[in-house]
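Peer 1: If you scroll down you'll find the structure; I have some questions about it.
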Amino acid sequence: MRYARISGTGSYLPEKILTNDDLAQMVDTSDEWITQRTGIKQRHIVADSENTISMAVQAAKAAIEAAAISAQDIDMIIVATCTADFVFPSSACLVQSELNIPNCPAFDVQAACSGFIYALSIAQQYIRNDAAKKVLIIGTEAMSRVIDWTNRSSCILFGDGAGALILEASDTPGILSTHLGADGSYKDVLYLKHNNIEQEYVSMQGNTVFKLAVKWLSEVAETALNANKLQPSDINWVVPHQANIRIIQSTVKSLDIPLEKVIVTVDQHANTSAASIPLALDVAIRDGRIRRGDNLLFEAFGGGLTWGSALVRY
Ligand code: COA
């Protein structure tokens, strides 16, 4: 049986840190309010000289090194982002150029904060069908460039960063399953308009998004467990999309998984959209919590609305 296995991960966070106290100097909010409602303490912010591509390239280099391959071995590039610098060329083509990766399919996936799970799902299908051997997947976001920094309801939530991984063909598992969903009838509760003339910002009905997120995350995570005939106790680590600690807590509670088994970075990174899962994954692999053979559950939701999960044997 041919599987798709994670062989290396990498990530990048901009140097500049914006704390809740810094934000309280900018809008009418407080560290206490943000911490209680979201669990966020700080977020990283791109420098003027950086962008989604430069962050993606740093994360990709670290993943390539961790996988002990050369950039020339990569035969597909998928970038998940909703803050691309160019409509075209795609971010994936720009990463390809920066890293001197030879001719191979390269494209972006746009499913907002679920983008990484969508990209992972596509990549593993190519590998399992013997149409690719080594896929570079990146989630990269400069959310600070699409945030209205005068709107306290949304500006407190987001941060910048990138996470990457190499998915390789292998005889051993591997991605066990992926599960995707979308419901465009909720297009108005969370959106970012593309406007060629004026700057547009993220628009969000926070309460509605919160409730729908818990509902769909719980459902799609349960689907992943059932599809693999696994119990919650079989999961070593949940690596969730990092939007809000209360969403994470409610979801794992409904799944009967203790919070101790959840990789939490939302306090340090805030919501980095499509970058949040690969960033959290890289942090927990590098600090030794996630080990080879562990069963991992990824789960995400975002604008669309979209959602997805993946069960992974690391
Ligand atoms: N600081 C202080 N007060 C704030 C505030 C802030 N940053 N933002 C909102 N408030 C106020 C509101 O104005 C409101 O005041 P009022 O009662 O006088 O009208 C009060 O706090 C409660 O607002 P509400 O929006 O009901 O709070 P909430 O408990 O729902 O928390 C979110 C707001 C945004 C933190 C929460 O809804 C959330 O996290 N939703 C999910 C968003 C998300 O994850 N989006 C990305 C999806 S990928």
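The values are calculated or read from the model by the stated rules, or taken from the named source; none is laboratory data. From a predicted model like this one, the values you see are computed outputs, not experimental measurements. Note that we place each Cβ from the backbone using ideal geometry, even for glycine, and neighbour counts take in every protein chain shown.
Peer 1: Against the condition farther than 14 Å from residue 270 by Cα and of a type in the set (Lys, Arg), how does residue 37 come out, does it pass?
Peer 2: Here the answer is no, as residue 37 does not meet what is asked.
Peer 1: For region 151-177, which residues satisfy the criterion of being within 16 Å of the ligand (Cβ to nearest atom) and crowded, with 21+ Cβ neighbours inside 10 Å? Please lay out each step first, then the result.
Peer 2: Step one: of region 151-177, the residues within 16 Å of the ligand (Cβ to nearest atom) are 151-161, 163.
Matches in region 151-177: 155, 156, 157, 158, 159, 160, 161, 163.
Peer 1: Still on this model: Step by step: first the residues of region 178-190, then only those that are among the hydroxyl-bearing types (Ser, Thr, Tyr) and buried (at least 17 other Cβ atoms within 10 Å of the Cβ), then the one that is farthest from the ligand (Cβ to nearest atom). Which residue is that? So that I can check it myself, show each step before the final result.
Peer 2: From region 178-190, those among the hydroxyl-bearing types (Ser, Thr, Tyr) are 178, 185-186; that's our starting set.
Checking the rest, the ones that are also buried (at least 17 other Cβ atoms within 10 Å of the Cβ) come to 178, 186.
Numbers: 178: 19, 186: 11 Å.
Result: 178.
Peer 1: For region 267-303, give me each residue that is among the small types (Gly, Ala, Ser) and without any contact (Cβ under 8 Å) to a residue 40 or more places away in the chain.
Peer 2: Going residue by residue through region 267-303, those that are among the small types (Gly, Ala, Ser) are 270, 273-276, 280, 284, 288, 293, 300, 302-303.
Those that are among the small types (Gly, Ala, Ser) and without any contact (Cβ under 8 Å) to a residue 40 or more places away in the chain: 288, 293.
Peer 1: Right, another one. Among the residues in region 84-92, are any in contact with a Cys (Cβ under 8 Å, 6 or more places away or on another chain) and surrounded by 15 or more Cβ atoms within 10 Å (Cβ to Cβ)?
Peer 2: Taking region 84-92 and keeping what is in contact with a Cys (Cβ under 8 Å, 6 or more places away or on another chain), we get none.
No: zero hits.
Peer 1: Right, here's the next one. Considering (1) in contact (Cβ under 8 Å) with a residue 24 or more places away in the chain; (2) touching a strand residue (DSSP E or B) at 6+ places or on another chain (Cβ under 9 Å); (3) more than 10 Å from the ligand (Cβ to nearest atom); (4) assigned to a loop (DSSP other than H, G, I, E, B), say which one residue 193 fails and leave the rest.
Peer 2: Condition not satisfied by residue 193: (1).
Peer 1: Could you check, for region 220-242, whether at least one of its residues is at pLDDT 90 or above, surrounded by 15 or more Cβ atoms within 10 Å (Cβ to Cβ), among the aliphatic types (A, V, I, L, M) and touching a Cys at 6+ places or on another chain (Cβ under 8 Å)?
Peer 2: Checking region 220-242: not a single residue is at pLDDT 90 or above, surrounded by 15 or more Cβ atoms within 10 Å (Cβ to Cβ), among the aliphatic types (A, V, I, L, M) and touching a Cys at 6+ places or on another chain (Cβ under 8 Å).
Peer 1: Of the residues that make up region 14-30, is at least one surrounded by 19 or more Cβ atoms within 10 Å (Cβ to Cβ) and within 19 Å of the chain's Cα centre (by Cα)?
Peer 2: Yes, there is a match, as at least one residue in region 14-30 is surrounded by 19 or more Cβ atoms within 10 Å (Cβ to Cβ) and within 19 Å of the chain's Cα centre (by Cα).
Peer 1: Quick one: is residue 1 of a type in the set (A, V, I, L, M, F, W, C) and surrounded by fewer than 21 Cβ atoms within 10 Å (Cβ to Cβ)? Working first, answer last.
Peer 2: Working: of a type in the set (A, V, I, L, M, F, W, C): yes; surrounded by fewer than 21 Cβ atoms within 10 Å (Cβ to Cβ): yes.
It is true that residue 1 is of a type in the set (A, V, I, L, M, F, W, C) and surrounded by fewer than 21 Cβ atoms within 10 Å (Cβ to Cβ).
Peer 1: Scan region 1-50 residue by residue and report those that are more than 16 Å from the ligand (Cβ to nearest atom) and of a type in the set (Val, Ile, Thr). Even if it seems obvious, please write down each step before you answer.
Peer 2: At the first step, the residues of region 1-50 found to be more than 16 Å from the ligand (Cβ to nearest atom) are 1-17, 44-50.
Of everything in region 1-50, those that are more than 16 Å from the ligand (Cβ to nearest atom) and of a type in the set (Val, Ile, Thr) turn out to be 6, 9, 17, 45, 46.
Peer 1: Within region 205-214, does at least one residue satisfy the condition of being part of a loop (DSSP other than H, G, I, E, B) and within 16 Å of the ligand (Cβ to nearest atom)?
Peer 2: Looking through region 205-214, at least one residue is part of a loop (DSSP other than H, G, I, E, B) and within 16 Å of the ligand (Cβ to nearest atom).
Peer 1: I need the helices (runs of 4 or more DSSP H) fully contained in region 224-314, keeping only those with at least 1 residues that are farther than 15 Å from residue 9 by Cβ and within 16 Å of the ligand (Cβ to nearest atom). Walk me through how you get there before you give the answer.
Peer 2: Details: elements: 245-255, 266-269, 276-286.
Here the list reads 245-255, 266-269.
Peer 1: Enumerate the pairs (first residue in region 120-133 and touching a residue at least 40 places away in the same chain (Cβ under 8 Å); second residue anywhere and in a helix (DSSP H, G or I) and of a type in the set (A, V, I, L, M, F, W, C)) with beta-carbon separation below 9 Å, excluding pairs fewer than 6 apart on the same chain, so at least 6 apart or on different chains.
Peer 2: Short answer, once both residue conditions are applied: 120/277; 132/123; 133/127.
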